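Here's the structure, in structure tokens; my notes come after.
The values are calculated or read from the model by the stated rules, or taken from the named source; none is laboratory data. These numbers come from a predicted model, not from an experiment. Cβ coordinates were reconstructed from backbone atoms using ideal geometry, including for glycine residues, and neighbour counts include every protein chain displayed. Protein only, heavy atoms only, side chains kept; ligands, DNA and RNA dropped before computing areas. Shrake-Rupley method; radii C 1.70, N 1.55, O 1.52, S 1.80 Å.
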Amino acid sequence: MMYVGTLISSVRQLVQFAEQFQRGMTGIERFFQVMDADVDIFDEPDARELKVNRGDINFENVGFSYSDDGKQVLSEINLSVKAGENVALVGPSGGGKTTICHLIPHFYDVKDGQILIDGKDINKITRSSLRANIGIVQQDVYLFNASIRDNILYGRPGATEEEVIEAAKRANIHNYIMSMPNSYDTVSYTHL
């Protein structure tokens, strides 16, 4: 019975390893598909760097459909968000809320109309400068098994220590971080 129990335990571990390996291979294959995908959006030859004065965002008669099915997702969207305003997009799943948010950093090209930041069409702005001026907060929060500092730096590699602390203060977590055993060097995965 003892030998059978040991054998069954070993077989279970082998099956679990095989399942974990298969999930990992699927993830790696998907990663390579994403990395090998052709880029659809390029900067226009006359695109300029974005210099944000205020940060007003305007959607003017924006229409959008995904290229793979052609189904109209957004139609004649007119929206004006002034600098400093908080706007909530509310609606059913599949209503276009996330799509609207993805259009601002130019992850997709609009089919109709235009999106303006401080009166400048985002099609006339370099993608790198546009995205450097936009902060995105995802619905799902992911923390890497790294220090709190490294997790904050993920959003802006190369930020100074002062900028990291300022970001934590703006997120209202600086005092909590300072109460940790190693403050910003605390491994976040185990504490947050």
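Here the Debye sum runs over all C-alpha atoms of segment 79-190 as equal scatterers in vacuum, and log10 of I(q)/I(0) at q = 0.21 Å⁻¹ comes out as -1.20. Can you tally the net charge around Asn61? Count Lys and Arg as +1, Asp and Glu as -1, for every other residue whose Cβ sits under 14 Å from the Cβ of Asn61. Result for the local shell: -3. Charges were assigned to the Cβ only: +1 to each Lys and Arg, -1 to each Asp and Glu. The resulting dipole of the chain about its Cα centre is roughly 580 debye.
For segment 1-154, the solvent-accessible area works out to 75 Å² per residue, with a probe of 1.4 Å and every protein chain left in place.
Across the accessible surface of segment 55-192, with the other protein chains kept in place and a 1.4 Å probe, carbon and sulfur atoms take up 50 percent. Full extension of the chain segment joining Tyr142 with Arg30 gains 38.4 nm, where the gain is 0.36 nm per residue of separation less the Cα-Cα distance.
At full extension, Asn53 and Gln20 could sit 6.9 nm farther apart than now, given 0.36 nm per residue minus the alpha carbon distance. Rounded, prolate or oblate, given the Cα gyration tensor of segment 1-76, with a/c below 1.5 counting as rounded? Cα axes put segment 1-76 in the prolate bin. Which of the lysines could be linked to Lys124 by a straight reach, that is with a Cα gap under 20 Å, when you skip same-chain ones fewer than 8 residues away? Those lysines meeting the cut-off are Lys51, Lys111.
Ranking Met178, Leu103, Ile152 by how far each Cα lies toward the positive end of the dipole of the chain (charges on Cβ) leaves Met178 at the top.
Over the chain, DSSP H runs of length four or greater, each weighted -39,500 (n - 2.57), average out per residue to a 222 nm ellipticity of -11500 deg cm²/dmol.
Each Cα pair under 8 Å and six or more residues apart adds its separation to the average, and for the chain the resulting relative contact order is 20 percent.
When the Cα gyration tensor is reduced to axis lengths a ≥ b ≥ c, the ratio a/c is 1.5 or higher for segment 37-134, and with a/b not above b/c it is classed as oblate. Of the DSSP H helices in the chain, those with a Cα length along their own long axis of 30 Å or more and a mean Kyte-Doolittle hydropathy reaching 0.0 comprise 2-36.
Annotation for Asp43 and Glu85: the two label points, set 7 Å from Cα along the Cα-Cβ direction, are 3.0 nm apart.
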